[in-house]
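The values are calculated or read from the model by the stated rules, or taken from the named source; none is laboratory data. Computed from a predicted structure; not experimentally measured. Here the Cβ positions follow ideal geometry from the backbone for every residue, glycine too, while neighbour counts run over all protein chains shown. The area values use the complete protein model at the heavy-atom level, side chains included, leaving out ligands, DNA and RNA. Shrake-Rupley method; radii C 1.70, N 1.55, O 1.52, S 1.80 Å.
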Amino acid sequence: MSSITYSNLILKKRESRINGGSHLQYNGLRAIETVKLTANSASCKPKAVKCGRIRAMASPAVSAPKRETDLKKRVVITGMGLVSVFGSDIDNFYNKLLEGQSGISLIDSFDASNYSVRFAGQIRDFSSEGYIDGKNDRRLDNCWRYCLVAGKRALDDANLGQQVLETMDKTRIGVLVGSGMGGVKVFSDGVEALLQRGYKKISPFFIPYSITNMGSALLAIETGLMGPNYSISTACATANHSFCAAANHIRRGDADIMVAGGTEAGVTAASVGGFIACRALSQRNDDYEKASRPWDTNRDGFVVGEGSGILVMESLEHALKRGANIIAEYLGGAVTCDAHHMTDPRPDGLGVSSCITKGLLDARISPEEVNYINAHATSTLAGDLAEVNAIKKVFKDTSEIKMNGTKSMIGHGLGAAGGIEAIATIKAIKTGWLHPTINQYVLLTNFSVLTRSDSLISQLFFNHSETYFTLLRLQELEPQVTIDTVPNVKKQHEVNAGISNSFGFGGHNSVVVFAPYKP
């Protein structure tokens with residue numbers, strides 16, 4: 001045996017011949033995949049795809065979900081709208097995810113030069129043109145600007161523009177958009193005015209544009225929707241809680257349509273400073289694009305993000321009557337509480353596992369029918385493992401399941417996270433492509449380091465006599481993570497039923513279940 005040394009790590013080399021090619025095996029390493037490349041292959045980076053309907057490879061061992069028979073109680077998705085670090089066009093957003101792009105950058109929306117964390121999933125070049133008039137636009141907190149744009153785009157996507165809405169019974173259409181923190185910038189500015197210039201200098205919009213219910217209120221005021229209207233604030237579980245509550249309004253007959261989701265503008269001096277104070281954030285200022293690294297053994301906290309994700313949820317009966325385009329079906333969901341700690345999850349994952357179980361019961365499907373999980377996966381030490389432990393309690397056989405982490409690319413959208421990730425889940429269902437979880441390993445070639453991130457030591461060995469690359473890696477993932485995390489490269493996968501998890505400070509757990517629409 002010969003040996004090769006990298007950064008004081010000695011690996012024992014053994015060569016074998018596989019299918020006529022040279023395959024390198026190493027003690028202590030686990031082969032992840034072998035990729036055959038042509039001589040002209042310049043890059044392993046996936047190309048963007050159009051997010052149309054794609055026929056994917058099916059998982060034959062998984063049966064189709066059952067369906068509620070009452071058309072009034074079946075809830076379908078007929079519109080989607082978002083504001084994200086990758087813009088407000090949903091196809092472009094999902095293509096960026098499929099490409100494995102990082103949306104994390106240095107903060108410039110405020111002076112963070114003295115902060116111990118100076119990066120975030122900050123939204124840039126946001127435009128509300130055509131959705132908010134200029135006078136209101138200048139007054140609004142970004143939290144509500146994101147909400148109004150995402151909400152109106154969702155209604156447009158559902159063919160429920162203002163002219164169409166005028167012909168409908170708007171008392172049967174409700175709004176339920178939540179936020180974890182509300183208008184943080186407006187609140188901070190108001191407090192600063194109070195302290196520096198006195199109470200008479202506080203803006204009259206200080207209270208209205210700070211409180212967390214204003215997303216639902218403003219969207220209803222702008223569109224005239226008069227059905228059930230309120231907000232839910234359960235930290236990072238907010239959007240999923242909103243989906244569950246909105247679906248229940250439809251099932252009970254309170255509304256035919258609910259506009260639901262979450263919104264947040266968390267990249268502010270106060271919120272970033274606050275998360276630093278409670279030691280929740282990654283501090284990889286010199287390697288910020290790789291800072292959000294779900295399930296990695298050297299993860300050190302989450303990355304703040306922002307945006308809004310909103311769905312138009314509708315009873316199947318109503319959607320069919322108006323000839324709506326049905327994107328996917330909401331099968332069910334659930335909410336529970338850890339009753340454990342303000343910021344840390346239960347280590348045994350009991351609160352999360354019970355939430356998943358209840359969500360599947362509400363959806364009327366078995367664990368065996370789920371083959372995709374959009375994980376909460378914030379990149380925190382305790383949270384990532386608690387979620388995996390819970391998933392493995394519910395899904396005894398995870399061999400057919402793919403699990404990815406959207407936050408690895410866009411950061412943690414806080415109250416908006418569940419809304420944005422629900423859209424990513426639905427796009428996976430529609431396209432047959434799962435976006436990767438990035439920052440899962442780092443590549444080397446020709447035995448030379450190309451990139452490196454702390455103890456992430458991964459190696460791409462190249463045999464010059466053959467056009468084979470064999471990718472191997474050390475124990476970067478936590479040992480408990482035995483589920484396919486779709487590392488670094490998109491995968492084709494026909495989703496039978498997918499769940500999206502969101503958990504928030506205070507022990508709030510939420511799970512929603514989506515599936516392809518089948519009449």
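For every residue, the table says whether it meets (1) modelled with pLDDT of 95 or more; (2) within 17 Å of the chain's Cα centre (by Cα).
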| position | (1), (2) |
| --- | --- |
| 347 | no, no |
| 353 | yes, no |
| 359 | yes, no |
| 362 | yes, no |
| 370 | yes, no |
| 378 | yes, yes |
| 385 | no, no |
| 389 | no, no |
| 397 | no, no |
query = If the Cβ limit is 9 Å and pairs must be 6+ apart or interchain, which residue in segment 416-439 that is more than 14 Å from residue 103 (Cα to Cα) and polar (S, T, N, Q) pairs with which residue that is assigned to a helix (DSSP H, G or I) and open to solvent by less than 10 Å² (accessible area, probe 1.4 Å)?
reply = 431/94; 431/98
remark   = Residue pairs qualifying under the 8 Å Cβ cut-off, at least six apart or on distinct chains, with the first in segment 225-243 being touching a residue at least 12 places away in the same chain (Cβ under 8 Å) and among the aliphatic types (A, V, I, L, M) and the second being surrounded by fewer than 24 Cβ atoms within 10 Å (Cβ to Cβ) and assigned to a loop (DSSP other than H, G, I, E, B), are 235/505; 235/506
Only listed residue being out of contact with any Lys or Arg (no Cβ under 9 Å at 6 or more places or on another chain), open to solvent by 20 Å² or more (accessible area, probe 1.4 Å), on the phi < 0 side of the Ramachandran plot and of a type outside the set (Lys, Arg), chosen from 207, 173 = 207
task = Specify which of the listed residues (71, 148) is touching a Leu at 6+ places or on another chain (Cβ under 7 Å), over 24 Å from residue 303 (Cβ atoms) and open to solvent by 60 Å² or more (accessible area, probe 1.4 Å).
result = 71
inquiry  = Among the residues of segment 125-139, are any under 30 Å from residue 286 (Cα atoms), surrounded by fewer than 24 Cβ atoms within 10 Å (Cβ to Cβ), touching a residue at least 40 places away in the same chain (Cβ under 8 Å) and out of contact with any Pro (no Cβ under 9 Å at 6 or more places or on another chain)?
reply    = yes
request  = Mind listing whichever residues of segment 404-440 are more than 9 Å from the chain's Cα centre (by Cα), β-branched (Val, Ile, Thr) and farther than 16 Å from residue 303 by Cβ?
outcome  = 426, 429, 431
remark   = Of the listed residues (77, 123), the one being within 27 Å of residue 431 (Cα to Cα) and assigned to a strand (DSSP E or B) is 77
ask   = How many of the residues in segment 473-504 are surrounded by fewer than 21 Cβ atoms within 10 Å (Cβ to Cβ), among the hydrophobic types (A, V, I, L, M, F, W, C) and modelled with pLDDT under 90?
value = 1
key: Unique residue being small (Gly, Ala, Ser) and part of a loop (DSSP other than H, G, I, E, B) when the list is 260, 324, 270   = 324
Every residue from segment 97-111 that is out of contact with any strand residue (DSSP E or B) (no Cβ under 8 Å at 6 or more places or on another chain) and either in a loop (DSSP other than H, G, I, E, B) or among the charged types (D, E, K, R) (or both) = 99, 100, 101, 102, 108, 109, 110, 111
